[in-house]
1. So residue 56 fits all but one of (1) within 14 Å of the ligand (Cβ to nearest atom); (2) surrounded by fewer than 19 Cβ atoms within 10 Å (Cβ to Cβ); (3) among the hydroxyl-bearing types (Ser, Thr, Tyr); what number is the exception?
2. Just the residues that are within 16 Å of the ligand (Cβ to nearest atom), of a type in the set (D, E, K, R) and not in a loop (DSSP other than H, G, I, E, B), please, taken from the stretch 24-47.
3. Quick check on residue 161: is it within 13 Å of the ligand (Cβ to nearest atom), closer than 29 Å to residue 235 by Cβ, in contact (Cβ under 8 Å) with a residue 40 or more places away in the chain and polar (S, T, N, Q)?
4. Give me a count of the residues in the stretch 183-221 that are assigned to a helix (DSSP H, G or I), at pLDDT 95 or above and away from the ligand (no atom under 16 Å from the Cβ).
5. Please state which of the following conditions residue 288 fails to meet, knowing it meets all the rest: (1) β-branched (Val, Ile, Thr); (2) buried (at least 16 other Cβ atoms within 10 Å of the Cβ); (3) not in a helix (DSSP H, G or I).
6. For the stretch 271-286, which residues satisfy the criterion of being touching a residue at least 24 places away in the same chain (Cβ under 8 Å) and out of contact with any Pro (no Cβ under 9 Å at 6 or more places or on another chain)?
7. Mind listing whichever residues of the stretch 243-270 are free of Cβ contacts under 8 Å to residues at least 12 places away in the same chain and of a type in the set (Asp, Glu)?
8. Regarding residue 153, is this residue closer than 23 Å to residue 211 by Cβ and touching a Pro at 6+ places or on another chain (Cβ under 9 Å)?
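The values are calculated or read from the model by the stated rules, or taken from the named source; none is laboratory data. All of these numbers come straight from a predicted model, not from anything done at the bench. Positions of Cβ are backbone-derived with ideal geometry, glycine not excepted, and every protein chain shown enters the neighbour counts.
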Amino acid sequence: MTLVRPNIAAMQGYTPGEQPRGMEFVKLNTNENPFQCSPAVKAAIGRVCIAGLQRYPDPHATQFRERAAELFKADLPAITPDWILCGNGSDDILTIVTRAFVDSGDLLRFPRPSYVLYDTLASIQGAKSEIVDYEADWSLGERFTAPADRLRLAFIANPNSPSGTALAPAEVAELAAALPCPLLVDEAYADFAETNCLSLVADNEKVLVSRSLSKSYGLAGLRFGFVVAQPQVIEQLNKVKDSYNCDALSIAGATAAIDDRAWFDRTRGAILTTRSRLTAELQRLGFTCVDSQANFVWCRHATTASKDLYQRLKAAGVLVRYMNYAGWGDGLRISVGSDEQIDALLAKLEPML
Ligand SMILES: *Cc1c(COP(=O)(O)O)cnc(C)c1O
């Protein structure tokens with residue numbers, strides 16, 4: 001195909017985790033929440049439907065930003081609604097940020113192994129990816145902050161996927177201070193972690209923190225995410241987004257979701273408890289696991305190949321994520337499902353080893 005830009009013709013395109021239709025799988029491959037969202041979310045969406053959908057939505061999702069600013073005051077006292085920009089999932093946020101900072105021929109830096117979409121975003125932009133491997137202890141060394149010509153943006157996922165590891169906020173602050181470009185901290189999993197980097201946004205206009213409602217609020221199907229940055233940065237990002245990137249249903253649903261703290265605390269607690277149990281059981285079965293700060297566990301078995309296990313589990317009706325990073329290695333990323341799902345996984349897995 002020669003009609004499109006050469007960088008588009010040359011790129012692979014992002015392949016999301018499998019979303020099988022039809023056959024019932026125990027689905028532990030895309031870090032969805034095992035719990036249904038808060039009933040308040042469904043009620044809020046229902047109210048919007050009844051009122052009608054003939055009008056365009058609020059282009060700035062003001063209702064959500066006002067509630068979110070209140071919620072995040074504890075972590076970031078300076079925050080007001082103009083520190084927040086909303087998106088159609090946090091993938092939309094990552095696209096907006098890349099579009100705003102990275103030009104054709106520029107450099108976008110991110111670690112390996114991490115979220116595969118970062119490379120796709122660089123390719124779409126006609127930019128180059130610069131990939132820096134994590135150290136053996138999952139820290140990032142000096143290569144990550146080294147100056148480079150045309151380096152315009154760096155991404156880290158924190159907690160990281162697929163490892164589930166997290167850098168401490170003080171370490172992230174050091175990276176941001178040393179980097180010659182803005183740093184986007186992708187906090188899609190921060191709600192499952194002990195700490196987060198929101199407070200860093202106040203001290204450094206080069207720090208942007210993105211969040212998602214897909215995982216910790218059980219709303220992957222709704223598509224809602226947002227970024228927190230200083231207002232002069234948000235103002236620029238606003239120029240780059242689609243005018244109506246969040247629809248009326250998702251704005252109402254997302255606002256109701258962050259307002260239901262009881263739902264959040266209860267489901268988060270259950271997921272963290274199951275995460276500990278899953279980790280301990282995998283270790284008992286001979287897996288090496290990394291201690292996770294997210295809603296999944298990254299593991300490798302001592303003697304059985306990860307790809308084999310992925311395939312045999314799939315044949316047995318259990319879907320986990322097999323990740324293979326060319327030049328780095330592979331492993332299994334298993335989402336923390338419900339206790340019943342984890343029991344089903346373990347029952348199928350044990351006889352395979
Ligand atoms: C799931 C995920 C996202 C995207 O979340 P959406 O809000 O569903 O677009 C972003 N970053 C990482 C690291 C993720 O795992």
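1. Exception for residue 56: condition (1).
2. The one that is within 16 Å of the ligand (Cβ to nearest atom), of a type in the set (D, E, K, R) and not in a loop (DSSP other than H, G, I, E, B): 27.
3. Numbers: within 13 Å of the ligand (Cβ to nearest atom): yes; closer than 29 Å to residue 235 by Cβ: no; in contact (Cβ under 8 Å) with a residue 40 or more places away in the chain: yes; polar (S, T, N, Q): yes.
No; evaluated as a whole, the condition is false for this residue.
4. Of the residues in the stretch 183-221, the ones assigned to a helix (DSSP H, G or I) are 190-192, 200-203.
Filter once more, keeping what is at pLDDT 95 or above: 190-192, 200-202.
Subset that is away from the ligand (no atom under 16 Å from the Cβ): 200-202.
The number of residues fulfilling the criteria is 3.
5. Only one criterion in (1) β-branched (Val, Ile, Thr); (2) buried (at least 16 other Cβ atoms within 10 Å of the Cβ); (3) not in a helix (DSSP H, G or I) is unmet by residue 288, namely (2).
6. Narrowing the stretch 271-286 to residues touching a residue at least 24 places away in the same chain (Cβ under 8 Å): 271-272, 274-275, 277-278, 281-282, 285-286.
Those that are touching a residue at least 24 places away in the same chain (Cβ under 8 Å) and out of contact with any Pro (no Cβ under 9 Å at 6 or more places or on another chain): 272, 275, 277, 278, 281, 282, 285, 286.
7. So the first thing to find is which residues in the stretch 243-270 are free of Cβ contacts under 8 Å to residues at least 12 places away in the same chain, and the list is 261-262, 265-266, 269.
Answer for the stretch 243-270, where residues must be free of Cβ contacts under 8 Å to residues at least 12 places away in the same chain and of a type in the set (Asp, Glu): just 265.
8. Working: closer than 23 Å to residue 211 by Cβ: yes; touching a Pro at 6+ places or on another chain (Cβ under 9 Å): yes.
When the stated conditions are applied, residue 153 passes them.
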